1. Enter the Cα centre distance for the pair segment A:219-263 and segment A:303-346, rounded to the nearest angstrom.
2. In whole Hz, with x marking every Gly and Pro, tabulate ³J(HN,Hα) for segment C:125-138 from phi via Karplus 6.51 cos²θ - 1.76 cosθ + 1.60, θ = phi - 60°.
3. Once phi is turned into θ = phi - 60°, what whole-Hz ³J(HN,Hα) does the Karplus curve with 6.51, -1.76 and 1.60 give for every residue of segment B:172-188, x standing for Gly and Pro?
4. Given segment A:122-265, what count of lysine pairs have C-alpha atoms under 19 Å apart, with each pair 8 or more places apart or on different chains?
5. Could you calculate, for segment A:254-376, the ratio of the Cα radius of gyration to the Kirkwood radius, expressed as Rg to Rh?
6. Give, in whole angstrom and from largest to smallest, the semi-axes √(5λ) of the equivalent ellipsoid of segment C:115-154, with λ running over the eigenvalues of the Cα gyration tensor.
7. As I understand it, the value is the acute angle between the Cα axis of helix A:184-201 and the longest principal axis of the Cα atoms of chain A; what does it come to in degrees, rounded to 10?
8. Taking amide H atoms as placed 1.01 Å from N in the peptide plane, list the residues 5 or more away in sequence, or in a different chain, whose amide H sits under 5 Å from that of A:Q100.
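Every number here is computed from the coordinates shown, using simple stated rules; none is lab data. From a predicted model like this one, the values you see are computed outputs, not experimental measurements. We place every Cβ from the backbone using ideal geometry, glycine too, and count neighbours over all the protein chains shown.
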Amino acid sequence: MSEPQIAADTRPWRDPARQPFIEIRNITKRFGDFTAVNDVSLGIHRGELFCLLGGSGCGKSTLLRMLAGFETPTEGAILIDGQDMGRVPPDRRPTNMMFQSYALFPHMTVEKNVAYGLLREGMSRREAYARAAEMLKMVKLESFGRRKPHQLSGGQRQRVALARALIKQPKVLLLDEPLGALDKKLREETQFELIRIQETLGVTFIVVTHDQDEAMTLATRIGVMRDGVIEQVGEPREIYENPKSRFVADFIGSVNLFEATVEAAAPDMMRLACPDAGGAVLVPPQTGLTRGQTVWGALRPERITLSRDRPDSARNVLRGTVEDVGYVGHMSTFRVVLDTGRMIRVTEPNNLREGKPISWDERVWASFRPEAFKVLTE
Amino acid sequence: MSAAPGNPLTRSAPWRGTARVFGWLGISGRTLVIAIPMLWLLVFFLVPFFVLGRISLAEAIIARPPYTPLWERDADGTLQIIATLENYRWLMEDRLYANAYLSSIRIAVVSTIFALLIGYPMAYFIARSPEPRRSILLLLVILPFWTSFLLRVYAWMGFLRREGVINNFLIWAGVIDSPLTMLQTDFAVYIGIVYTYLPFMILPLYANLTKLDDAHLEAAADLGASPMVTFFTVTLPLSLPGIVAGSMLVFIPAIGEYVIPALLGGPDTLMIGRVLWDEFFSSRDWPVASAVAIVMLVLVVAPIMWLQSVQNRRELK
Amino acid sequence: MTGRGWVLPMAVVFGFVFLYAPIISLVVFSFNESRLVTVWGGFSTRWYGELLRDRQILNAAWVSLKVAFWSANLAVIVGTLGAFVLVRMGRFFGRLLLTGMITAPLVMPEVITGLSLLLLFVSMELTLGWPAGRGLTTIIIAHTTFCAAFVAVIAQSRLRDMDESLEEAARDLGAGPVRVFFDITLPVITPALVSGWLLAFTLSLDDLVIASFVSGPGASTLPMVIFSKVRLGVSPDVNALATIIIGIVTIAVLIVGWMLRKQARAGR
């Protein structure tokens with residue numbers, strides 16, 4: 001198999017002139033009065049592993065089902081490889097889906113499950129079963145072909161479902177919570193297995209998940225959805241470091257949110273008035289903000305440093321008392337009540353501090369760099 | 001790409017050819033699939049009621065068929081509709097029919113209560129039994145249901161008659177001197193109904209009681225409730241849906257019952273199903289039988305169906 | 001209920017005695033030499049011999065089996081399609097009507113069903129010329145209609161439990177709607193349909209009232225013949241017949257129950 005071109009290496013989405021492989025144009029889906037997906041537009045490139053991330057009922061599954069053809073959009077169009085999917089039924093689409101429940105046919109053996117798609121194309125039984133055996137080998141289940149699905153473990157069923165969805169070499173593979181039914185340890189192993197398979201085959205993956213860690217690990221890009229709308233699309237790092245809205249900041253990882261007012265803009269620094277943080281906060285200058293405007297600041301817990309002595313060099317320093325310490329092995333989380341009465345969360349790797357660790361009821365200084373305080377207007 | 005349109009092999013499946021024929025006729029496969037059960041039930045379930053209604057407005061005559069037609073052509077060719085409410089007036093005037101309705105309801109209610117009293121302890125015991133015993137007992141409850149209903153009623157004839165098993169046993173045991181009359185009484189009808197429909201009472205109760213969480217009972221005991229108090233304050237209220245379902249399943253067939261009163265009941269055991277049967281087979285008065293059926297439909301079946309739909313809606317919520 | 005430990009078992013024992021005592025006495029007296037059904041006159045299989053020479057009963061049994069077989073087949077088709085349409089087809093014109101029509105036979109008194117169907121057949125014969133007279137065909141139609149309701153209830157609950165993504169997965173892998181029905185839906189709900197078929201078969205075999213209304217001369221079912229015999233009183237050859245039926249049913253229920261259990265264990 002020749003090495004396919006992987007979107008993760010070339011990052012085609014960074015080039016605005018590139019034509020996306022899958023185009024979702026102003027898609028809206030209404031069920032009666034309820035709008036599940038509201039005017040969503042999205043471009044996904046060939047070879048991407050795109051994650052749709054959001055809570056339950058945000059419309060991510062509906063969007064995926066429209067791509068598969070199980071739901072018809074109320075408005076808008078979906079194009080795959082330049083072809084309009086409007087009137088194409090699910091059995092004629094160049095997409096395949098891996099279901100959350102896996103949906104393995106309980107009355108068929110594993111190999112028949114995997115070969116089913118090829119048999120529907122009219123391929124001869126011999127060839128279809130040979131291809132199915134190959135596919136099972138790829139997911140390391142070559143000796144399980146004759147079993148029935150109920151004789152397999154959860155992880156094995158998941159791999160059968162994957163093999164069955166991939167055997168027709170779809171242009172796009174749609175995965176609905178692919179790891180949702182696995183336990184935590186198996187899930188982590190399988191994430192990398194999924195990336196390996198995607199890179200081997202070069203198929204475009206669209207994954208729906210509610211698990212932010214999963215999305216961060218898997219995705220080339222993430223689309224964060226809420227209430228039927230895509231709030232932000234970006235690479236995992238971008239989404240985490242530069243969230244566009246309070247929702248995204250809060251949804252991905254944990255965050256301390258502060259309300260603030262723009263006070264003064266200097267060429268090198270901008271001052272925000274933030275009563276919760278005990279006065280002024282210095283941040284790098286930003287365009288598009290006016291004096292007196294109300295903004296929000298997002299501060300990641302790991303971007304805050306705690307110390308017993310006042311740090312000299314830091315530009316933003318807050319004073320508070322440790323209320324609670326949680327030891328999580330590789331790191332500790334602190335709940336610090338600032339003197340303003342506001343509580344913040346701080347996390348710190350446990351290998352960082354030498355000597356006596358900071359403990360309950362200690363008076364501490366919490367400091368952070370200006371870039372750590374992300375200014376949000378939404 | 002396998003799923004791309006235009007693959008000749010996926011298109012040449014034989015049913016697709018058939019589908020295309022219906023497509024030309026403007027009938028989609030979907031419509032066809034809906035039409036089969038719909039038409040069957042329209043013709044053989046719904047339309048019969050309209051026929052029933054129409055014949056209940058006719059007069060009985062000695063002919064084939066034994067009722068007057070709904071319309072007639074006069075000598076000058078005009079269509080004349082012949083309909084009469086005479087049959088319904090007859091039902092109102094003759095006390096027999098009103099008594100039969102009331103007595104059907106009474107018999108059904110009493111039988112349902114007895115079925116509940118006998119069925120509840122059995123369902124409770126089975127639901128609380130450990131596994132191998134539970135399945136066996138459940139099978140023993142279901143087994144009679146699969147054997148002929150008629151023969152089970154017949155078995156009670158041999159049991160209840162003057163020279164029957166019960167009387168022989170009681171005389172042998174010295175409890176009574178002369179045989180009791182049990183067959184051909186209302187008592188025998190109650191026994192017949194309870195006996196026949198007992199599995200219908202036990203099964204929904206059992207299904208409900210197995211779902212009962214032990215933790216509820218333990219919590220009640222933990223809070224100081226005696227077993228009796230626990231039963232009446234926790235188990236019984238929680239099993240109410242099962243009680244309602246089981247009672248409906250006994251009451252509904254009991255109310256229209258014919259065979260049980262005919263075989264076990266006496267000549268004065270009035271039940272509406274029996275009146276209808278006699279009107280049809282003995283008096284051969286089809287229009288009056290139809291009127292009885294229509295009134296039965298309105299007074300008995302409609303409330304039950306209404307009650308069921310209310311219950312269904314509540315369950316959905 | 002530990003305190004009054006004996007009350008509950010007593011009630012249960014009473015319940016089972018109530019259920020089984022009449023059946024057992026029926027079986028015992030079928031081997032009675034005496035014509036007086038309740039006086040023991042010694043062991044004999046004489047009534048079984050008489051039963052086997054009774055052409056009327058044998059004919060009726062054959063009629064009943066034919067009716068039950070075809071009614072069960074048709075009821076499974078009508079009932080399954082009805083259930084499928086209601087559970088899987090979403091909204092369509094007449095949905096509410098179909099819902100009502102498919103469950104109403106469950107609560108409809110047999111006397112009403114029987115009478116109304118007879119009147120329909122008579123009217124149809126007058127206007128359409130079909131069905132000519134009444135007999136096997138009309139009984140099968142009548143039984144199919146009320147048995148379909150029971151099949152539909154069973155099939156509906158199975159279809160609701162069935163993971164709909166199984167059917168979607170097959171669509172997704174390139175199967176058309178009809179193909180999906182035969183490849184996926186039907187095999188998955190087959191155990192429920194087998195139960196439905198057996199229930200329909202039993203109900204048809206058991207029915208006296210509806211068959212009495214819609215049958216014609218020459219088409220007497222077994223319950224009709226039994227009814228006309230026992231109406232006149234207890235007769236020993238009916239005891240023998242009952243014993244045979246109970247024996248067959250018990251064995252059949254045990255076998256089917258065992259098979260369904262085995263399959264359920266393999267299928268989960």
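1. Answer, in whole Å: 23.
2. Whole-Hz 3J(HN,Hα) from phi for segment C:125-138: 5, 5, 8, 9, x, 9, x, 6, x, 10, x, 3, 4, 5.
3. 4, 7, x, 6, 10, 9, 10, x, 8, 8, 10, 5, 6, 10, 4, 4, 5
4. Details: A:K137/A:K148; A:K137/A:K168; A:K140/A:K148; A:K140/A:K168; A:K140/A:K185.
Pairs that pass both the separation and distance tests number 5.
5. 0.99
6. Semi-axis lengths for segment C:115-154 are 23, 10, 7 Å.
7. The angle comes out at about 60 degrees.
8. A:D176
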